[in-house]
Amino acid sequence: GADPAGLPSTPAASAAAAQSREAEAPPAGGGPGEPARYPGEGTDYLIAPRAYRAVGAQPYERRPGDPVYRPLRIFTLDPAASQLDGAVALVNVPYEPVEPGPRGRLFEVDGTDGVLGVRYRSVDLDDPHVLIGSGRDPSPTDPEFHQQMVYAVCSMVYAAFKLALGRDVAWGFEADGPPGEPLRLRLRPHGSGERNAEYDRVRGTISFGYYRADPAVLGRNLPGGWVFTCLSHDVVVHEVTHALLDGLRAHFVHPSGLDVLAFHEAFADLVAVFQHFSYDRVVEAAIGRSRGDLRDASLLTDLATQFGHTVGAGRALRSAIDTRSLRHGGDAGGADALPPQYGEATEPHERGSVLTAAVFEAFLTVFERRTRRFLRLATGGTGVLPGGEMPADLRALLAEEASKLASHFLTICIRAIDYCPPVDLEFGEFLRAVVTADRDLVPDDRWRYREAWIDAFRRRGIHPSGVQSLSEDALLWRAPHRPIADEAELSFARLRFAGDPGRAAGREELHRQGAMLGRLVCEERHRHEFGLARQGDPELDGDAVDLPVVESIRSSRRVGPDGQVVFDLVAEVTQRRVVRAGGRTASFYGGSTVILDPRGSIRYVISKSVRSRERAERLREFLGSDQGRRYWAERDGELRPHGHPFRLLHGATPG
């Protein structure tokens with residue numbers, strides 16, 4: 001598999017340099033069939049093809065007279081869950097015209113059975129009989145409902161990402177259809193006969209397996225019966241999150257350290273867990289059964305329960321709760337044993353579970369802070385519920401608060417991706433991204449969300465590097481070390497949009513923006529600020545580097561709780577260095593995430609230097625480890641990541 005393109009670095013530009021850029025030269029004409037190039041493009045920097053993919057992956061834009069939603073029914077957990085627990089829900093999927101499949105602007109469902117070689121009839125969601133029934137009836141035996149299930153759940157997850165980021169989300173894979181066709185993620189509900197589900201970033205597909213359950217099963221499952229991973233809400237959410245995260249950050253699948261793929265797993269699990277809270281009946285059932293203690297609310301915290309119950313695991317596949325967590329999260333004072341520690345796990349799922357549990361503990365801490373007043377009112381000031389069933393009004397109130405808070409936390413997690421470095425991500429850097437992004441939008445943190453995050457990470461030994469303390473202020477990303485003049489060509493006054501500020505005007509506009517950024521970050525005096533290097537830089541220790549690559553440049557629009565709106569331009573620049581490792585070579589990336597405000601002023605440069613000897617040595621150590629040997633292979637003296645990281649990552653289990 002080919003390595004992803006290089007990393008971004010820190011931007012800096014002086015006033016004199018800015019003045020010299022005021023009169024921007026137009027792009028020079030290219031050869032026949034070639035795009036025109038701006039000065040320096042191809043000699044000082046490159047623009048990656050993925051930088052333009054937002055143009056081909058644009059959701060349907062609602063027109064006057066169109067419905068707002070398309071109501072469809074889904075399984076909120078899996079087919080083995082009880083309907084008394086809200087296992088079936090009618091959900092509002094953002095409306096778009098669809099062809100049979102369904103086939104819309106972002107997703108197309110492939111009805112081919114990869115085991116039997118047959119093609120099932122495609123569900124027609126615009127058929128009058130289907131429309132009047134709000135879609136097909138939920139059924140494990142109906143292939144058309146299977147198609148409806150994956151389309152509906154994937155569409156809702158995409159909508160959550162779009163809302164959090166304030167823009168369309170591009171896919172990370174290349175188009176394989178005719179020019180001008182929308183770039184669609186292909187969903188295969190019956191893609192294989194494996195106990196697995198997999199996002200394939202090369203083909204742009206998610207294949208869901210189906211299989212026979214073990215002879216000994218748990219729960220409401222038939223021994224030896226058929227189990228379809230496409231009907232597990234958690235598996236579908238997990239896999240489409242892999243695809244969306246891959247579209248946001250190409251290098252988050254480049255296995256340069258223990259945290260990289262573990263983060264992919266943890267992030268996909270977190271999205272799946274917080275999506276549980278969007279289903280009112282599930283939340284109310286879980287609140288009632290657990291008497292308001294979400295640590296005991298397995299309906300909400302367990303993931304892929306049917307899968308775990310039918311493959312001999314004896315439990316759900318994973319959980320957002322670690323068994324040794326403090327009973328009262330960050331407010332408990334630390335009397336009990338510490339939870340599993342960050343440094344103890346090396347396998348990606350185990351390591352990722354530490355991050356998942358840390359984020360969920362922060363959620364629980366804030367939930368308890370926000371609901372204590374309700375419990376005091378309901379118990380005459382004691383805060384201790386009497387025996388018997390929880391009052392219905394209190395159950396509804398706690399469920400509403402939990403759903404609202406879960407939506408906040410999901411948005412916080414997604415929004416933080418824009419504030420992460422573009423390569424070699426570490427869990428501590430994700431914490432810094434969360435704290436910075438949230439403080440930008442919510443300076444007055446009344447319920448101390450950020451404090452809860454910091455405490456939960458601290459208890460698991462997740463400590464960001466390069467900070468002097470774990471105070472909120474110390475964790476914030478900083479502006480560039482040197483003053484950099486505003487880049488007028490990247491101000492919102494110069495940007496062109498297709499109506500919505502979250503949608504670029506087209507390929508030419510993205511090309512122009514990428515060229516302006518490429519020129520800015522490659523200025524000689526500021527190159528190091530962005531984590532980049534010129535060929536022959538003595539700090540490279542004789543290693544070769546490729547040209548810096550502008551991976552993406554995207555607008556961001558975020559709305560705070562008080563109605564304030566924050567606009568930014570978020571970009572990634574990367575650079576590949578070829579390092580020597582035990583007589584072989586390997587790709588090592590550096591660069592930066594650059595965040596500019598509407599005036600074109602650089603707010604943050606979140607860099608990881610391609611010149612770093614320490615990072616290069618850590619990569620060499622990782623390549624010699626068991627995990628490194630699993631995800632890298634040698635070819636002609638060069639170590640390369642395997643082309644299908646998720647296939648290796650998932651093994652025999654979904655996710």
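The values are calculated or read from the model by the stated rules, or taken from the named source; none is laboratory data. None of the values given here were measured: they were computed from a predicted structure. Here the Cβ is made from the backbone with ideal geometry for all residues, glycine too, and neighbour counts use every protein chain on show. Calculation scope for accessible area: heavy atoms of the full protein, side chains included, ligands and nucleic acids excluded. Shrake-Rupley method; radii C 1.70, N 1.55, O 1.52, S 1.80 Å.
Here are some notes:
- Options LEU244, LEU261: the member that is closer than 30 Å to GLY624 by Cα and either among the aliphatic types (A, V, I, L, M) or open to solvent by less than 10 Å² (accessible area, probe 1.4 Å) (or both): LEU261
- Sole residue being open to solvent by less than 10 Å² (accessible area, probe 1.4 Å), under 28 Å from the mean Cα position of the chain (by Cα) and aliphatic (A, V, I, L, M), chosen from LEU569, LEU540, LEU547: LEU569
- Among the residues of the range 79-94, the one identified as touching a residue at least 60 places away in the same chain (Cβ under 8 Å), open to solvent by 50 Å² or more (accessible area, probe 1.4 Å) and closer than 19 Å to MET156 by Cα is PRO94.
- The residue that is modelled with the highest pLDDT, counting only those in the range 468-478 that are open to solvent by 60 Å² or more (accessible area, probe 1.4 Å) and in a loop (DSSP other than H, G, I, E, B), is GLN468.
- Residue match in the range 451-467 (condition: more than 25 Å from VAL260 (Cβ to Cβ), of a type outside the set (Asp, Glu) and assigned to a loop (DSSP other than H, G, I, E, B)): no
- Test: ALA392 is among the small types (Gly, Ala, Ser) and under 30 Å from HIS264 (Cβ atoms): no
- The set of residues from the range 253-299 being at pLDDT 95 or above, touching a His at 6+ places or on another chain (Cβ under 7 Å) and under 20 Å from TRP171 (Cα atoms) comprises VAL260, HIS264, GLU265, ALA268, ASP269, ALA272.
- Residue selected from the range 416-450 under the condition open to solvent by 20 Å² or more (accessible area, probe 1.4 Å) and in a helix (DSSP H, G or I), by the criterion farthest from GLU572 (Cα to Cα): TYR449
- Residue under evaluation ARG576, criteria (1) assigned to a strand (DSSP E or B); (2) in contact with a Lys or Arg (Cβ under 7 Å, 6 or more places away or on another chain), criterion not met: (2)
- Sole exception among (1) of a type in the set (D, E, K, R); (2) within 15 Å of the chain's Cα centre (by Cα); (3) at positive phi for ARG448, by number: (2)
- Among the residues of the range 174-211, those that are crowded, with 22+ Cβ neighbours inside 10 Å and either aromatic (Phe, Trp, Tyr) or farther than 30 Å from VAL118 by Cβ (or both) comprise TYR199, PHE208, TYR210.
- Matching residues, the range 617-650, being free of Cβ contacts under 8 Å to residues at least 60 places away in the same chain and either among the aliphatic types (A, V, I, L, M) or assigned to a loop (DSSP other than H, G, I, E, B) (or both): LEU623, GLY624, ALA633, ASP636, GLY637, LEU639, LEU648
- Any chance VAL240 is in contact with a helix residue (DSSP H, G or I) (Cβ under 6 Å, 6 or more places away or on another chain), farther than 20 Å from ALA456 by Cβ, modelled with pLDDT of 95 or more and in a helix (DSSP H, G or I): yes
- Residue match in the range 96-107 (condition: at pLDDT 95 or above and among the aliphatic types (A, V, I, L, M)): yes
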